[in-house]
Amino acid sequence: MPLGDRDYMKPRSSPPRRRVWTGGGYGGFLQNPVYVIIAINLIVFIAALVKKSAIIINLGLSPVLFPEKPWTLVTSMFVHAEFWHIFGNMLTLFFFGRVIHQLIGSGRFLLLYLGGGILGNLLYIWLGSQLSFAIGASGAVYALAGALVVMMPNMRVALWGILPMPLWMVVLLFFVVWSIPNFIPGVAWQAHLGGLAAGLIAGFFIRRKKRYIHY
């Protein structure tokens, strides 16, 4: 019998490896604020399809009703009444939000997102029509865009998935234009402007502290 066929010459099989849970699945989903925020927006949007008026009146932001409903300063950021409105905001949140979340972490991300949205809503209370309702995550999303363009102005972005251009150009052509007072009818430019300004300021301080490579 050849030596290699003897029992003591055969290689021993390695012991079974222990599986370690790494936070995947639902746990990983809940640990990422970007996905949680998108999920909340979708749930509220579905509810608005059933009872649109009730959702907007109770969760939307109205300057004249704000003293009676102060919670709408935050809840209005999660309300959308039209498909293209929520589609555009959530698509921007999905792409920009994941990048910023990787750069600054969950805590700072939530502070930037909610802070930008709240500042935009405060500006709307101050400058918007007193009898109107403002809904949408635009102020918070604009804050993400403002911060990211300061930290990574030359990051390549595929506009509409086709046309590549630097991030600063995308922000200038779309986010800045949509923040111009009364430039586009029916748009809460006050929330856009407040969120964008908050993001630009936050991005400046984050950039100084983190010292990113700005490509």
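Of the candidates 93, 73, the single residue that is of a type outside the set (Val, Ile, Thr), part of a helix (DSSP H, G or I) and either over 14 Å from the mean Cα position of the chain (by Cα) or more than 23 Å from residue 203 (Cα to Cα) (or both) is 73. On inspection, residue 117 passes the criterion of being of a type outside the set (Ser, Thr, Tyr), in contact with a helix residue (DSSP H, G or I) (Cβ under 6 Å, 6 or more places away or on another chain) and modelled with pLDDT of 90 or more. Among the residues of this structure, residue 132 does not count as one that is closer than 25 Å to residue 44 by Cα, touching a helix residue (DSSP H, G or I) at 6+ places or on another chain (Cβ under 6 Å) and surrounded by fewer than 20 Cβ atoms within 10 Å (Cβ to Cβ). Screening residue 8 on (1) over 25 Å from the mean Cα position of the chain (by Cα); (2) modelled with pLDDT of 50 or more; (3) assigned to a helix (DSSP H, G or I) shows it passes everything except condition (2).
Inside the range 109-129, can you point out the residues that are polar (S, T, N, Q) and buried (at least 17 other Cβ atoms within 10 Å of the Cβ)? Passing the criteria: only 121. When 76, 179, 106 are screened for being polar (S, T, N, Q), farther than 15 Å from residue 198 by Cβ and crowded, with 21+ Cβ neighbours inside 10 Å, only 76 passes.
Residue count for the range 115-138 satisfying the condition of being part of a helix (DSSP H, G or I) and farther than 12 Å from residue 92 by Cα: 13.
Here residue 136 fits the description: in contact (Cβ under 8 Å) with a residue 12 or more places away in the chain, on the phi > 0 side of the Ramachandran plot and not charged (D, E, K, R).
The values are calculated or read from the model by the stated rules, or taken from the named source; none is laboratory data. Just so you know, these numbers come straight off a predicted model, no measurement behind them. Please note: Cβ atoms are built from the backbone with ideal geometry, for glycine as well, and neighbour counts cover all protein chains shown.
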